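Peer 1: This structure is in structure tokens; I'll ask about it shortly.
We did not get these values from a lab; they are worked out from the coordinates using the rules stated. Being a predicted model, the structure only gives us computed values, none of them experimental. Note that we place each Cβ from the backbone using ideal geometry, even for glycine, and neighbour counts take in every protein chain shown.
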There are 2 protein chains.
Amino acid sequence: MEKLLKLRALMKEKGIDAYVIPSGDAHNSEYVAEYWQSRAWISGFVGSSGTVVVTQQEAGLWTDGRYFIQAAKELKGSGVELFKMEVPGVPSYQEFLVDKLPSGGKLGFDGRVIPVKEFNKISEALKDKKITYAYNEDLIGYIWADRPALPTALAFEHEPRFAGKSVAEKIADVRKEMSKLGVTSYLVVALDDIAWLLNIRGNDVSYMPVVYAYALITENEANVFIDRNKLGGLASKLMAQGVTFHDYDSVACFLGKLPTAGRLLFNPVNTSVMLSEALPEALEAKQDLLVDPLALLKAVKSEVELKNSRNAYIKESIVLVRFLKWISEHTDISSITEGAVVRYLTALRLEQPDIMSDSFSTIAAYGANAALSHYHPEGEGDSLKPEGFLLVDTGGQYYDGTTDTTRTIALGPITDEMKRNFTLVLKGHIAIARAVFPQGTTGAQLDTLARVPLWEYGLNFLHGTGHGIGYCLGVHEGPQRLSSAGTEVAFEPGMLLSNEPAFYVEGDYGIRTENIIEVVKCDKTAHGEFYGFESLIYCPIDTGSIDVSLLSDVEIDYLNDYHRRTYELISPYLTEVEADWLYAATCPVMAGDID
Amino acid sequence: MEKLLKLRALMKEKGIDAYVIPSGDAHNSEYVAEYWQSRAWISGFVGSSGTVVVTQQEAGLWTDGRYFIQAAKELKGSGVELFKMEVPGVPSYQEFLVDKLPSGGKLGFDGRVIPVKEFNKISEALKDKKITYAYNEDLIGYIWADRPALPTALAFEHEPRFAGKSVAEKIADVRKEMSKLGVTSYLVVALDDIAWLLNIRGNDVSYMPVVYAYALITENEANVFIDRNKLGGLASKLMAQGVTFHDYDSVACFLGKLPTAGRLLFNPVNTSVMLSEALPEALEAKQDLLVDPLALLKAVKSEVELKNSRNAYIKESIVLVRFLKWISEHTDISSITEGAVVRYLTALRLEQPDIMSDSFSTIAAYGANAALSHYHPEGEGDSLKPEGFLLVDTGGQYYDGTTDTTRTIALGPITDEMKRNFTLVLKGHIAIARAVFPQGTTGAQLDTLARVPLWEYGLNFLHGTGHGIGYCLGVHEGPQRLSSAGTEVAFEPGMLLSNEPAFYVEGDYGIRTENIIEVVKCDKTAHGEFYGFESLIYCPIDTGSIDVSLLSDVEIDYLNDYHRRTYELISPYLTEVEADWLYAATCPVMAGDID
């Protein structure tokens, strides 16, 4: 509340009627360095996605269905009110601004962290109100006394055996896409795109091994804007591949001097309004792209990347099997906390070769905590009990792949309703896993399959069914996704996706079953080319929580086959005792099973 | 070919480099009066959808997957080449124009039949080529010597017991929508929208009981542009409800004199470029609507409309049962032609009360003919044989509802593959019929369910799964639809849709199973309001063509329940002999059936 008062005093001083604080950094990254976490600092809400708007009278946080429960908790005492996005009757923050801003008023924000697309939405909504925009007002910077500095961590090479393609080859691929789109220069802002393009990895943010940088690819140059101290000897190696280096802070100035004869491509989703304002007025800019070409190049994994990813997922499967064995055999479950689960998983993962870190903060959520779909235990979190569900969503950054898996396991008795709902989620998961679909199919077309079993019982989950995933990069990566909104990108062989239908009962329990799946070629018939999915992770699903009577024969066959392959693939890496446990955990279920 | 030569000579004379001939009339209607059928006249292709483009060197017809086979046949000898829409590598007609038109060239068309949206696509594609547009060149009018006149048929009232709401009430509803959208006038161009709004029906085109007219609703006026000779005494009745009449041809002139202070709503999908060009330059026009508000009002059927429709579908079910009995018991199937099937269905329908006509040209397609998804027998068509599939897609215009049903029946032995594919189509049909889905769900989300069983075998069908349907109006009606492209409109209770998955093998056979379904409320839970579907038609599905081993228990239950209700609902209206036949035709299938 005190922070809000300071902000409002500053706003008054500067004549700013409303101030917007989004989640992102200057690259619209998912994980942002501490320096950029203004929204969390002012509101207390630490979820990955949300926007705060402050006026003299009111302050609101807008976030989506994943975070409704968590945000309501974390906002307490901050003076910031929760606005539930996409709930009927709740205004968007743009509508809120239309309502609250006086005509001729002034809207302020830090132009580095408002992407062009977001700014366009704001200014479109406010177009009849004669608003002045204060673009370069980092007000939080004035009042955040102990704000952390920008990161200075060292970067390193993603070795050729992991990266597969050389930087020069990747730049050539990008230039081919530029030529198809008829552009002469291409501003790359997304940190994972840049890391992938340059075969470098870094330590600037948690969980995602990227380095703060920009790139501007032209027909003859590959300009990279970065703190060169982070690169050491790598700089000369990259220069040999055609890269020219500039200071990180010089990008706006460099853009301002671009020759106006060409045509620039940039992605308005992640490029800040600060940069777009820096462009010469006369320069033609193409920003109407449905899909960023570099994101698509990166999304379709190469043979080397796929082979390595499969290996990383074997390692991760071993980690998960060991974890599941540990928890299922623990004699005193009440002595384990959620925090202990997180630590044990990290420890098991660090035993594996070529591991860097966790790929996100592990969700170990017991009981009602799991109904907060993105809950992370603070410190020890709650203690487990010998009843109900434990939901564990966890993953690792291996040099040879990024992993992300969720399992929900019963720690003791569960109700019939919990068992039914666990089974409905599993049916949705299997429907996606078994799907065969023609070339050209999008995630919007398949998303429904994960929901139909729940819908039949009047149930649903309020997030997408799946996201893309990086390769030793972001645990969430576009452009493909399994979501009713995912209409832009058709699935292509080599794309990776999560398959994670779920079900949550607020205040009671949460269920999610998630595997990462690879789009694979299936069959070429007179009716076209058909694709399907192949699981990368092999980790037992809690058969004790299944009501087998709700599964069809094909679903039972799928499950048993998945478990048979899990045992075959993973047991060779296990001790005899571990393999025995896995054998029991992957026993086939039978249609006639008494549940 | 001779027609093309004449057109080219005229184009040369007028300096026109390329000439576009679309399918539509001045209202972008599906069924158009003979006067407007220029595209069919010049190309020979009589399908409902297609565009001809002619240059001095080339002539092309663009049509979609439903018509590839039919168009290839019908274009023979016309000099017009087939361009398959949305097939990779085939240019769109706009791309063709970009390629073929010289810079600074002239493009001609009849501005009455090119809707604004279509014109925008053309001019956007050609924006770099400095093209001149000859808007008002009905060149076909010069060379079509025996062109039919515009229709003069009489219109009649859709009586209150059928219409339910009065014209004054409907106009008030429209004004409410106008106020929500912030517009002061609303140009209504779609003929079925106008017929619905005015509670009139007519005979201007085949199959769809509409009258050529425009309407312009303002805050105080309801102007209707129509040939008043068609109305007789109805005119004064409508005037009493607030309608003012003007000549049909005076609409452009009237629009030209609109006060420029207001804001006009029109739908660029059906409003012609001739009309939009007539508007005062200073008038603000809103044409960016996702969904035409009148179309949406009309799509959500009222209680009266639903009750009546259910009654119409009982009548149609009786017709179909009698037809199926006749054909299944015929002792000499080879003596029946496709044309005889069409005539027999029409005759059975005309025995029913409150029948006007068929709602479209019945598709009675035997064997390979059914692979042409929109085949209509010319004259007698082919003779049937005691083997393979007969596909019958038929419907009626009743004063109390419009019907549309497809059944595929085996006339004798069929192969195992045909049986399997019939069953896969049925599985898709059942998946849609059984679907339960939350408020907000669109057709794009559900369409996939109809395809998954086919996709699993590398099969597919190249048209949408379902369309809306009118109420004593168009057999195809928007805005809702079951299609991967149907993202604009969420389903609402009271909407009607067809559910018609299909499968076609070119040169061999075709399968389609179609019921009209109503969106109904299902269940309100903690997770939202859920909707489902209820079938309107009750007509047996050919159980002899089903491979029961491919059906799940829930699918078998659905089928048996549907057949049980068919017998219960329809048998009271049948003779004892007919009821006995229906009893046998609706016998439950059993999981253990030998197929």
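Peer 1: Just round it to a whole percent: the fraction of Cα-Cα distances in the stretch B:149-283 exceeding 24 Å. Present the calculation step by step, with values, prior to reporting the outcome.
Peer 2: On the way: 2416 of 9045 pairs.
Tail of P(r) above 24 Å: 27 percent of Cα pairs.
Peer 1: What does DSSP give for the stretch B:46-128 in terms of the percent of beta bridges that are antiparallel, rounded to the nearest 5?
Peer 2: Working: 4 of 8 bridges.
The answer is about 50 percent antiparallel.
Peer 1: Obtain the nm distance between the two label points defined at B:ASP288 and A:ASN560 by a simple spin-label model: each point lies 7 Å from its Cα along the Cα-to-C-beta direction.
Peer 2: Distance between the two pseudo-spin positions: 5.8 nm.
Peer 1: Please rank A:CYS253, B:CYS539, fewest neighbouring Cβ atoms within 10 Å first, as an exposure proxy. Don't jump to the answer; show the numbers that get you there.
Peer 2: Values: A:CYS253 12, B:CYS539 26.
By the 10 Å Cβ count, ascending, the order reads A:CYS253, B:CYS539.
Peer 1: While we're on this one: Counting only C-alpha contacts under 8 Å and six or more residues apart, can you give the relative contact order of the stretch B:315-386 as a whole percent? Spell out each step's value before the answer.
Peer 2: Numbers: 71 pairs, mean separation 28.9, N = 72.
Contact order relative to length: 40 percent.
Peer 1: For B:LYS237, go through the lysines and keep the ones whose alpha-carbon is under 22 Å away, minus same-chain ones fewer than eight residues off.
Peer 2: Within reach: B:LYS165, B:LYS170, B:LYS298.
Peer 1: Quick check for me: using +1 on Lys/Arg Cβ and -1 on Asp/Glu Cβ, what's the dipole size of chain B about its Cα centre, in debye to the nearest 20? List each step's numbers first, then the result.
Peer 2: Details: 54 positive and 81 negative charges, 299 e Å.
That gives a dipole near 1440 debye.
Peer 1: State the Kirkwood hydrodynamic radius of the stretch B:81-146 in Å, one decimal place, computed from all pairs of distinct Cα atoms.
Peer 2: For the stretch B:81-146, inverting the mean 1/r across all distinct Cα pairs yields 13.3 Å.
Peer 1: With +1 on the Cβ of every Lys and Arg and -1 on the Cβ of every Asp and Glu, and nothing else charged, how large is the dipole of the protein assembly as shown about its Cα centre, in debye rounded to the nearest 20?
Peer 2: 2820 debye
Peer 1: Reported to two decimal places, what Rg/Rh ratio describes the protein assembly as shown when computed on Cα atoms with Rh from the Kirkwood expression? Present the calculation step by step, with values, prior to reporting the outcome.
Peer 2: Details: Rg = 32.5 Å, Rh = 33.3 Å.
On the Cα set of the protein assembly as shown, Rg over Rh gives 0.98.
Peer 1: Okay, next question. Which of the DSSP-defined H helices in chain B satisfy a minimum axial length of 27 Å, computed from C-alpha atoms, and a minimum mean Kyte-Doolittle hydropathy of -0.5?
Peer 2: Numbers: long enough: B:303-329 (39 Å, -0.16).
Flagged H segments are B:303-329.
Peer 1: Please grab the % of Cα pairs in the stretch B:472-595 that end up more than 22 Å from each other. Numbers along the way, then the final one.
Peer 2: Numbers: 3980 of 7626 pairs.
Cα-Cα pairs in the stretch B:472-595 separated by more than 22 Å: 52 percent.
Peer 1: Could you work out the relative contact order of the stretch B:240-311, using alpha carbon pairs under 8 angstrom and six or more residues apart, expressed as a whole percent? The partial results should precede the final answer.
Peer 2: Details: 45 pairs, mean separation 22.1, N = 72.
For the stretch B:240-311, the relative contact order is 31 percent.
Peer 1: Run down the aspartates and glutamates and flag those whose C-alpha is under 16 Å from the C-alpha of B:LYS129, throwing out any fewer than 8 positions away in its chain.
Peer 2: Filter leaves B:ASP17, B:GLU95, B:ASP99.
Peer 1: Now a separate question. How do B:LYS73, B:LYS230, B:LYS257, B:LYS325 line up, fewest other C-beta atoms within 10 Å first?
Peer 2: On the way: B:LYS73 13, B:LYS230 22, B:LYS257 8, B:LYS325 19.
Ranking B:LYS73, B:LYS230, B:LYS257, B:LYS325 by Cβ neighbours within 10 Å, fewest first, gives B:LYS257, B:LYS73, B:LYS325, B:LYS230.
Peer 1: Further, regarding this structure: Rounded to the nearest Å, what's the spacing between the alpha carbon centres of the stretch A:72-118 and the stretch A:1-68? Just the number, please.
Peer 2: Here the answer is 9 Å between Cα centres.
Peer 1: Tell me which lysines have Cα within less than 19 Å of B:LYS427's Cα, excluding those fewer than 8 residues away on the same chain?
Peer 2: Reachable lysines: A:LYS427, B:LYS419.
Peer 1: Can you tell me the Rg and Dmax of the stretch B:336-412, counting just the alpha carbons, in angstroms?
Peer 2: Calculated on Cα positions, Rg and Dmax stand at 12.5, 37 Å.
Peer 1: Give me the one-decimal nm value for the distance between modelled label points at A:VAL87 and B:ALA9, 7 Å along each residue's Cα-to-Cβ direction.
Peer 2: 7.4 nm
Peer 1: Counting pairs of alpha carbon atoms under 8 Å apart in space and at least six apart in sequence, what relative contact order in percent does chain B give?
Peer 2: Details: 1265 pairs, mean separation 65.2, N = 595.
Once normalised by length, the contact order is 11 percent.
Peer 1: Going 7 Å from the Cα of A:GLU303 along its beta-carbon direction, which residues of the stretch A:513-539 have the amide nitrogen within less than 16 Å of the resulting point?
Peer 2: A:521
Peer 1: Hey, how many Å between the Cα centroid of the stretch B:530-545 and the Cα centroid of the stretch A:385-402?
Peer 2: Cα centroid of the stretch B:530-545 versus Cα centroid of the stretch A:385-402: 45 Å apart.
Peer 1: Could you give the Stokes-Einstein D for the stretch B:254-300 in µm² per second, using the C-alpha Kirkwood radius, 20 °C, 1.002 mPa s? Don't jump to the answer; show the numbers that get you there.
Peer 2: On the way: Rh = 11.6 Å.
Once the numbers are plugged in, D ends up at 184 µm²/s.
Peer 1: Let me ask something else. Ranked by Cβ crowding within 10 angstrom, fewest neighbours first, how are A:MET178, A:MET208 ordered?
Peer 2: On the way: A:MET178 21, A:MET208 28.
Arranged by neighbour count, lowest to highest, A:MET178, A:MET208 become A:MET178, A:MET208.
Peer 1: Give me the one-decimal Kirkwood hydrodynamic radius in Å for chain A, with the sum taken over alpha-carbon pairs. Walk me through the numbers on the way to the answer.
Peer 2: On the way: mean 1/r = 0.0393 Å⁻¹.
Hydrodynamic radius (Kirkwood, Cα pairs) of chain A is 25.4 Å.
Peer 1: Over the stretch A:103-222, with a single point scatterer placed on each C-alpha, what log10 of the ratio I(q)/I(0) does the Debye formula yield at q = 0.18, 0.21 1/Å?
Peer 2: Result of the Debye calculation: -1.04, -1.15.
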